[in-house]
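Notes follow the structure.
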Amino acid sequence: MFLVISAIFPYTTPMPKTTPKQKKVVEKVSKKTKGKHISVIGTGYVGLVSGACLAEIGHHVICVDRNKDKVEKLKKGISPIYEPGIEELIARNLKIKRLEFTTDLPDAVKRTEVVFIAVNTPPRPDGKADLSHVANAARQIAEVAEDYKVVVDKSTVPVQTGEKVLETLRSYNPHGIEFDVVSNPEFLREGSAVQDFLHPDRVVIGSENERAEKIMREIYAPIKAPFIATDINSAELIKHASNSFLATKISFANALAAICELTNANVEEVTYGMGLDKRIGPAFLKAGAGYGGSCFPKDVSAFVKIADEINYDFGILKAVEKINEDAKASFIKKIESALWIVKGKTIAVWGLSFKPNTDDMRSAPAVTVINHLRDEGAIIKAYDPQATEKAKQVLGEENISYEKSALDATKNADALVIVTDWEEFKKADLEKVHKSLHQPLVIDGRNMFDPKEMKEKGFNYISVGRTKK
Ligand code: NAD
């Protein structure tokens, strides 16, 4: 529907209400795509956004989750995650009955031809991807499927998982029906997920036959992006390779930051100078307190393990992981040495989510930093524009208070520590911050401010890769 319109007027949030004219476009596109009947197993960051966007482009989508509270909220149009634009999309598609939410997986599978698996693939303690949720979902689909299904793996999985999914589908189906398995990795970024799904850089489809590929082409027809049709193993590898490469760029910038600190150079200048080279590009070349989130740490470590298992020593990725750990440790060291004694100090922390514009706390560097400082006896006053509720579940209430504003967090604090670069912090009234802090010490893990300006404003300002030795 909106696909055609949005190609002309790119998505902005909040999105406007659907007009009668837009509804006509929806129906036109829906006809063109034949409005496929799709179920999505797993309604998390990826499943919810994919489901809502697939409905938005004209399909009939049933989103399934085993978490009853989540499903109840979604039925009322309330998103369990903070993601710009998602609630408008849910409301619109619930209203026109192209989107449903349920806990009833068998019913959803029976009513749909294409079943997306978008369940979580968390890291196991040994760093490998835990595929038990993918395996469960495949088995549940197999047990209830009564006719041909295309089973699309959208979760991030190790290469050759598709083969295992197909085996599972075949061995647990009592009717001997036909299945096609497709790998369709997702590249959306939390914080701009709706926009990313509807306007991706590419759509990757790994399949083993033309029948499945044709169905996938029809599903994605309204999305204007290069369509990469490949075999399943290659598609699975594209996802791990892409995330690992992006993490490599970040770690490269962090290694440069360490070198800059040892040579009195400025990492911001160095990465700017590099990024202007079109072969390199500026994206993901930002030094800071390390990457986190639900994807990079787990996907890099899973890729290292995948390589280990086939006797390939992926040394570069092992270094990427080490540099990331070093970046977090070096940031903590900066805080400790600036404070001299941490015990008994009150520390304001700006930013808890792993990156701005999301409330996702999975593998957030803020957790490592805050836990370390609390272990050393500090009291934390934390503020995040969106992640407070999720942060409470991860960090608890001991020796930490969750403040209502960035300024509140700084009141009488011995230092301000910046962990996540929310836009809101850039606009902070620094004079007020200066007055509010007990001492004007700012340790910035995201290089949000200009060191010279901060000095002029009277701050003792410490950042990453720009501090003189
Ligand atoms: P998530 O934890 O937010 O959501 C997973 C959901 O699946 C949960 O709500 C869970 O209750 C549900 N679930 C698990 N097993 C189920 C089952 N058998 N039946 C019904 N529901 C079930 O995870 P996510 O962040 O959406 O990630 C999903 C996958 O997508 C992962 O493999 C991840 O690596 C990948 N991915 C994530 C992102 C991202 O930015 N979050 C981006 C690209 C790819």
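The values are calculated or read from the model by the stated rules, or taken from the named source; none is laboratory data. This one's a predicted model, so the numbers in the text were calculated from it and none came from an experiment. Positions of Cβ are generated from backbone atoms using ideal geometry, with glycine treated the same way; all protein chains shown enter the neighbour counts. SASA here: full protein model, heavy atoms, side chains in, ligands and nucleic acids out. Shrake-Rupley method; radii C 1.70, N 1.55, O 1.52, S 1.80 Å.
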With θ taken as phi - 60° and the coefficients 6.51, -1.76 and 1.60, list the Karplus ³J(HN,Hα) couplings across segment 384-398 in order, rounded to whole Hz; mark glycine and proline as x.
9, x, 9, 9, 4, 4, 5, 5, 4, 5, 8, 9, x, 10, 6
For the residue pair D147 and K75, what label-to-label distance in nm results when each label sits 7 Å from Cα along the Cα-to-beta-carbon direction?
2.7
Other-chain or far-sequence residues with amide H under 5 Å of I117's (modelled H)
I41, V152, D153, K154, S155
Of the accessible area of segment 312-469, computed with a 1.4 Å probe and all protein chains kept, carbon and sulfur make up a percent value of 50
Theoretical gain in end-to-end length, E210 to S171 [0.36 nm per residue, Cα-Cα removed]:
11.7 nm
Got a sec? Which residues in segment 360-398 would a label at E424 touch, if it sits 7 Å along Cα→Cβ and we count backbone N under 16 Å?
360-361, 381-392
Pairs K70/K333; K390/K427; K318/K345; K73/K328; K298/K392; K286/K390: which are spaced more than 28 Å apart, C-alpha to C-alpha?
K70/K333; K318/K345; K73/K328
Using θ = phi - 60° and the Karplus relation 6.51 cos²θ - 1.76 cosθ + 1.60, list the HN-Hα couplings for segment 456-462 in order, rounded to whole Hz, with x at every Gly or Pro.
4, 7, x, 8, 8, 10, 10
Gained length - S405 relative to K435, 0.36 nm times residue gap less alpha-carbon distance:
9.3 nm
For labels at E336 and N311 in the simple 7 Å Cα→Cβ model, what's the distance in nm?
4.2
Residues whose built amide H sits under 5 Å from the amide H of K381, excluding neighbours closer than 5 in sequence, are I347, A348, V349, S401
Can you compute 3J(HN,Hα) from phi for each residue in segment 226-243, using the Karplus curve 6.51 cos²θ - 1.76 cosθ + 1.60 with θ = phi - 60°, rounded to whole Hz and x for Gly and Pro?
x, 9, 9, 9, 9, 7, 5, 4, 5, 4, 4, 5, 4, 5, 5, 5, 5, 5
Computed over the Cα atoms of segment 256-308, what is the ratio Rg over Rh, Rh following Kirkwood?
1.09
Here the percent of antiparallel bridges among DSSP beta bridges lying wholly in segment 242-462, to the nearest 5, is 0
Provide the packing ranking of 224-230, 432-438, 110-116, i.e. peptides ordered by the mean count of other C-beta atoms within 10 Å per residue, highest first.
110-116, 432-438, 224-230
How tilted is helix 210-220 with respect to the longest principal axis of the chain? Cα atoms for both, answer in degrees (0 to 90, nearest 10).
60
Of the listed links K76/K355; K68/K214; K36/K149; K334/K381; K343/K432; K154/K322, those spanning more than 23 angstrom between alpha carbons are K76/K355; K68/K214; K343/K432; K154/K322
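What whole-number value in cubic angstrom gives the convex hull volume per residue for the C-alpha atoms of the chain?
Spelled out: Cα convex hull of the chain, divided by residues, is 153 Å³.
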Measure off 7 Å from each Cα along the Cα-to-Cβ vector at K457 and M274, then give the distance between these two points in nanometres to one decimal.
2.8
Which of the peptides 308-317, 194-203, 70-79 is most tightly packed, and how do the rest follow, judged by the mean count of other Cβ atoms within 10 Å per residue?
194-203, 70-79, 308-317
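What relative contact order, as a whole-number percentage, does the chain give when Cα pairs under 8 Å and 6 or more residues apart are counted?
In percent, rounded to a whole number, it is 11.
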